[in-house]
Amino acid sequence: MRIKPLPLLIGILLFFSIVMISKSEYKVKDISVNIQFATYVYDGQPEILPEIQMRPYYTGICINTDNMVREIFFCNQRTYQNPGIKNGWPQHTNGNLTHISKIIVEDLDTNGIKDIIVEADDGKIYAWDYVGNNLPGWPVVSSSFMGGHVSPSSIGDIDNDGDMELVSCPKDLVQEEGITKISIVSAWDHMGNILQNFPVFIEYPEGYSLFWWHGMTNPVLIDLDNDNDLEIIVCLTICENDGNGWISYWKFFAFHHNGLSVDGWPFIVQKEGDETPYGGGTPAAADVDNDGEVEVVVATNLLGDTEVWGKLYLLNKNGDVEEGNWPIITNDHIYSAPALADFDLDGDYEIVFGSSMDDSRFFVVDHFGNNLPGWPRDDLDHLSLVSAPAIGDLDGDFIPEIIQANGVYWNNKVFAWHIDGSDVNGWPVNFDPGNSTWCSPIIGDITGDDIPEIIVGNSDSKIYAWHNNGSKVNGWPKTIDSISFVTPALSDLEYDGNEDLIVASYSGYVYVWNTTSSFNPHTMHWPQFHHDAQHMGAYDGKEGFDMPPVVQISKPESAFYLFNRKILPFFAPLIFGRIIIEADATDDYRIDRVEFYIDNALQANISSPPYSWKWSERSFFKHTIIVIAYDNSSNSATDEVTVWKFF
């Protein structure tokens, strides 16, 4: 056998190039290297899924400094800017951040400042404050079986005690007295202490096989029974091989905040043929039909010989299927999470969802399961609709639009549709060729013009942003160290008026950037995965509206006061001596200031709670106390009370 000299020479040169690069120390020329955050070292191919491999095979280093990311591919170096990274970021997890991981932005410790929470595949849930410090008690171990895996999470005040709790789906196997059990839901307080009665376990029958990569949905937290606390809705898929094939089950559980099962649940979907459960997104929940009670939208898939794969159900609070054309049956899988919005402004919700694999379609149905005019869209060219849709009012007409990104099969599109099924002008748009996304879009204003943009992470390690007309935002995309599987988030973490963009990479890094925009919560139409930290997936129509503040004078009441002490009730406020005037002020975003007046004369301007002012000046007879609260958009509200004061 004769070896051709040219391929042999190329192979030898390539081998020695790799060896020399792996042993060399690199110096970035003509650029000051101030390594502030981290150094990433890759040995060979990055550890990512082969079907979405987009980086070239290489051995090299990637250095992230305060504003710069530099990568060395063999003997070539490229430099790109990452301006605006906040101090203290990025932070790193000890695991990878996969398509199951989610960024959650919420005030977990209820200190008035937002926190960042993310789940990694090392079996831990991480929580940081806005400057990158671990919250006390965090990270927590959520899953230890087989080295851990991602435990999808949600955050809410499940027991209505004023403190936030984190709820996850650990799906962890344990042995107790020879009995194998699986944990399907767990909950922690804001200090990382596991709550009483959690985790909730079910017995894991002998002969069953759990599909770890299926049913990895976030719990949904919502008040199912109108008792002012939150119930927990979680999904589990199980397969049993009885020797004649697989028997498959989808189970949707609902638990109270104390871990007890809600009456009527779980909702179970059995197999119809020789199928296995597959895919399925996080449920959505709201009062879909405007009857005063919550409904839950769930998707199931059964992969096998049958033509019936994807099914979408609408369940009532008792876990029963609602009346109408339910379930909706598709010829393909429903991978992504369904979403809800009142598109026709009639007080109830419509349901949007996509199906994909062989015959990709996108649906919009009413609460009876009927297709709306113009739907489904069946001209999507076999796209893989893996990411969840986002909903927001792009054109300011108070009727929201639907944003959907493609999946993992290189079709490179992001769509924007009106409710009549037509394309929004300028859409769809394309990623750079050869790339795709698992990320769901988010919608919010990042340019300061009060018009929302669409942000999507991608497999080329970039975060893209487009204006509502489909044009690219200047200065975007942003580049991170590896693939972005995780849906980004927008927030004002420390309530300083500056907008923060939070993104994460597959290699485990979480970044925070300042955008060029001042934060306006009323342009945050879909700011994180499935809309909110409870993952209800519902666009409530309040986005885009700036509600005025609410203010009320809480002191003095109709009573007799002696030197600030309430002595006894009276038909009107009667005050002798000094008194501290107190007011309660709230807003849908932030109170800017509260002003105190006596007889139209300004006395005090208070910019933070508690909103109070001491009236010490000697006064006699009848006076009017006026309090005016202003929000950050200069909207105002007024309250006043007439008092009698002596001395």
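The values are calculated or read from the model by the stated rules, or taken from the named source; none is laboratory data. Only a predicted model underlies this, so the values are computations on that prediction, with no experimental measurement involved. Counting neighbours? That spans all protein chains shown, and the Cβs are built from the backbone with ideal geometry, glycine included. Surface accessibility is based on the protein's heavy atoms, side chains included, excluding ligands, DNA and RNA. Shrake-Rupley method; radii C 1.70, N 1.55, O 1.52, S 1.80 Å.
Values for this structure:
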quantity: Close pairs (6 angstrom Cβ cut-off, 6 or more residues apart or separate chains): surrounded by fewer than 20 Cβ atoms within 10 Å (Cβ to Cβ) in region 460-481, of a type in the set (D, E, K, R) anywhere; calculated: 467/453; 473/453; 479/462
quantity: Residue 390, sole failed condition from (1) at pLDDT below 95; (2) under 24 Å from residue 98 (Cα atoms); calculated: (1)
quantity: Residue check for residue 516: surrounded by fewer than 23 Cβ atoms within 10 Å (Cβ to Cβ), of a type in the set (Val, Ile, Thr) and at pLDDT below 90; calculated: yes
quantity: Residue under evaluation residue 268, criteria (1) assigned to a strand (DSSP E or B); (2) of a type in the set (Val, Ile, Thr); (3) open to solvent by less than 50 Å² (accessible area, probe 1.4 Å); (4) at pLDDT 75 or above, criterion not met; calculated: (3)
quantity: Qualifying residue in region 317-335 (condition: within 20 Å of residue 530 (Cα to Cα), at pLDDT below 90 and not in a strand (DSSP E or B)); calculated: yes
quantity: Residue in region 174-187 that is under 21 Å from the mean Cα position of the chain (by Cα), buried (at least 22 other Cβ atoms within 10 Å of the Cβ) and at positive phi present; calculated: no
quantity: Output for region 393-432, where each listed residue is at pLDDT below 85, crowded, with 19+ Cβ neighbours inside 10 Å and either at positive phi or out of contact with any Leu (no Cβ under 9 Å at 6 or more places or on another chain) (or both); calculated: 412, 431
quantity: Criterion violated by residue 350 - all others in (1) open to solvent by less than 10 Å² (accessible area, probe 1.4 Å); (2) more than 27 Å from the chain's Cα centre (by Cα) satisfied; calculated: (2)
quantity: Region 383-392 - residue that is part of a strand (DSSP E or B) and hydrophobic (A, V, I, L, M, F, W, C) and, of those, surrounded by the most Cβ atoms within 10 Å (Cβ to Cβ); calculated: 390
quantity: Residues located in region 583-605, provided they are under 30 Å from residue 491 (Cα atoms), modelled with pLDDT of 90 or more and open to solvent by 40 Å² or more (accessible area, probe 1.4 Å); calculated: 584, 593, 605
quantity: Qualifying residue in region 541-558 (condition: closer than 30 Å to residue 113 by Cβ and without any contact (Cβ under 8 Å) to a residue 24 or more places away in the chain); calculated: yes
quantity: Answer residue from region 447-459, given it is touching a Ser or Thr at 6+ places or on another chain (Cβ under 7 Å), touching a residue at least 24 places away in the same chain (Cβ under 8 Å) and over 19 Å from residue 335 (Cβ atoms) and is least open to solvent (accessible area, probe 1.4 Å) among those; calculated: 452
quantity: Residues located in region 480-521, provided they are of a type in the set (Gly, Ala, Ser) and in a loop (DSSP other than H, G, I, E, B); calculated: 482, 484, 497, 505, 507, 508
quantity: Residue within region 459-474 that is under 16 Å from the mean Cα position of the chain (by Cα), at negative phi and among the charged types (D, E, K, R) present; calculated: no
quantity: Long-range neighbours under 7 Å by Cβ, at least six apart or interchain, first residue closer than 14 Å to residue 314 by Cβ within region 359-381, second open to solvent by 30 Å² or more (accessible area, probe 1.4 Å) and of a type in the set (Phe, Trp, Tyr); calculated: 367/349
quantity: Residue check for residue 499: surrounded by 24 or more Cβ atoms within 10 Å (Cβ to Cβ) and either in contact with a helix residue (DSSP H, G or I) (Cβ under 8 Å, 6 or more places away or on another chain) or under 30 Å from residue 631 (Cα atoms) (or both); calculated: yes
quantity: In region 174-216, the residues that are aliphatic (A, V, I, L, M) and modelled with pLDDT of 75 or more; calculated: 174, 179, 182, 184, 185, 187, 191, 194, 195, 200, 202
quantity: Condition met for residue 502 (at pLDDT 90 or above, touching a Ser or Thr at 6+ places or on another chain (Cβ under 8 Å), closer than 29 Å to residue 541 by Cβ and not small (Gly, Ala, Ser)); calculated: yes
quantity: Complete set of residues in region 550-582 that are open to solvent by 20 Å² or more (accessible area, probe 1.4 Å) and either in contact with a helix residue (DSSP H, G or I) (Cβ under 7 Å, 6 or more places away or on another chain) or under 30 Å from residue 106 (Cβ atoms) (or both); calculated: 550, 552, 554, 582
quantity: Those residues of region 309-349 which are among the charged types (D, E, K, R) and in contact (Cβ under 8 Å) with a residue 60 or more places away in the chain, in sequence order; calculated: 317, 342, 344, 348
quantity: Top-ranked residue of region 307-344 - restricted to ones that are among the aliphatic types (A, V, I, L, M) and touching a Ser or Thr at 6+ places or on another chain (Cβ under 9 Å), ranked as surrounded by the fewest Cβ atoms within 10 Å (Cβ to Cβ); calculated: 308
quantity: Residue that is most open to solvent (accessible area, probe 1.4 Å), among those in region 154-173 that are part of a strand (DSSP E or B) and within 18 Å of residue 201 (Cβ to Cβ); calculated: 173
quantity: Residue check for residue 444: touching a helix residue (DSSP H, G or I) at 6+ places or on another chain (Cβ under 7 Å), open to solvent by less than 10 Å² (accessible area, probe 1.4 Å), within 28 Å of residue 111 (Cα to Cα) and modelled with pLDDT of 90 or more; calculated: yes
